[in-house]
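Data first, discussion second: the structure below is written as structure tokens.
Each reported figure results from applying straightforward, stated rules to the coordinates on display, with no laboratory input. None of these values were measured; they are calculated from a predicted model. Neighbour counts are summed over all protein chains in view; Cβ atoms, including those assigned to glycine, are modelled from backbone coordinates with ideal geometry.
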Amino acid sequence: MRDFVIMTDSCCDLTDYMAGALELEVLPLTVHMAGKDYPNYLDGHALSREAFYHMLRSGILGTTSAVNVGQFEDAMTGILEQGKDIVCVCFSGALSTTYQSAVIAAGDLISQYPDSRIYVIDSLCASMGQGLLLYLATREKQAGNSADQVAEFVENTKGRICHWFTVDDLHYLKMGGRVSAATALVGTMLSVKPVLHMDEGGKLIPVSKCRGRKASLQMLLDTLDGNFQRDCPVFIAHADCETEARLLAEDLRNRYQIKTIFTNYVGPVIASHTGPNAIGLFFLGKKR
């Protein structure tokens, strides 16, 4: 059986340590802030999370760009030259052209490496939902499964990765076209905190409007009722609100007896669109 590498992009929002432990090849998307371009490396060496969130909270907005074809071609070539195959799991194609870039790169390279296999998969996931899918894929690889078996597992599992978000400030969703200017204004005046869900097509859609932060976090907690796999870890991503994320993790342990919870910051690409203080909860469910 040929060896293979699991490739992904920085929207997985895993820690650099976890990505290394899982032996992932991670390509960075790019954040544009204050007239500069910052590749979104997981270790933050181009833009630290402290510097990013300081700028964001200071009112400096970020725009983002996908991993391009050339980046994928360079990374894939290095792996193929080693005689290894590739399973590439990308940020939701409904939210980024990163997946399409990977498809184009794989199509360009496969004729040069006809004995190799490149599986490019639209994860339909984002942030640590994508990270959870990669965690599960790596577990399959470590169990001795081949590249085609892992790719099939990812395709069969991605629709069960549940994503639930709440944001603190509707301004950022308004900038991204997720809510209207009038809705954002009224919502801010009434302290409305929307809860959003990643749908089956990989799009982030509003599900409910809660009055106040406490109610929105409680709704996140309620989403696991009857719809999560107990032997699977739960992931939490937070946009610079670590205390609330830890309290949510504690509530999850107490209510559902969940043993393993991984928590990390929302990276600058996702946080540029959600704003600070967003919290996302991700788990493997019976369905999305």
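Among 150, 69, rank each residue by its count of other Cβ atoms within 10 Å, from fewest to most, as a rough exposure measure.
Lowest count first: 69, 150.
Sorting 53, 17, 99 on the 10 Å Cβ count, fewest up front, what's the list?
By the 10 Å Cβ count, ascending, the order reads 17, 53, 99.
Using the Kirkwood radius over Cα pairs, work out the Stokes-Einstein diffusion coefficient for the range 4-158 at 25 °C and 0.890 mPa s, in µm²/s as a whole number.
154
List nothing, just return the count: lysine pairs in the chain, 8 or more apart or interchain, with Cα separation under 14 Å.
Lysine pairs meeting the criterion: 7.
Starting from the 7 Å offset along Cα-to-Cβ, what nm value, one decimal, do you get for the label separation of residue 36 and residue 207?
3.8
Helix-only estimate, please: 222 nm mean residue ellipticity of the chain, summing -39500 (n - 2.57) across DSSP H runs of length 4 or more and dividing by its residues, to the nearest 500.
-12000 deg cm²/dmol
If neighbour count is taken as other Cβ atoms inside 10 Å, put 146, 111, 123, 116 in order from fewest to most.
111, 146, 116, 123
Assuming 1.306 mPa s and 10 °C, estimate D for the chain with Stokes-Einstein, Rh taken as the Kirkwood radius over Cα pairs, in µm²/s.
This corresponds to a translational diffusion coefficient of 82 µm²/s.
In debye to the nearest 20, how big a dipole does the chain give about its Cα centre with +1 on each Lys and Arg Cβ and -1 on each Asp and Glu Cβ?
1320
Using alpha carbon centroids, what distance separates the range 252-266 and the range 195-247, in Å?
Answer, in whole Å: 12.
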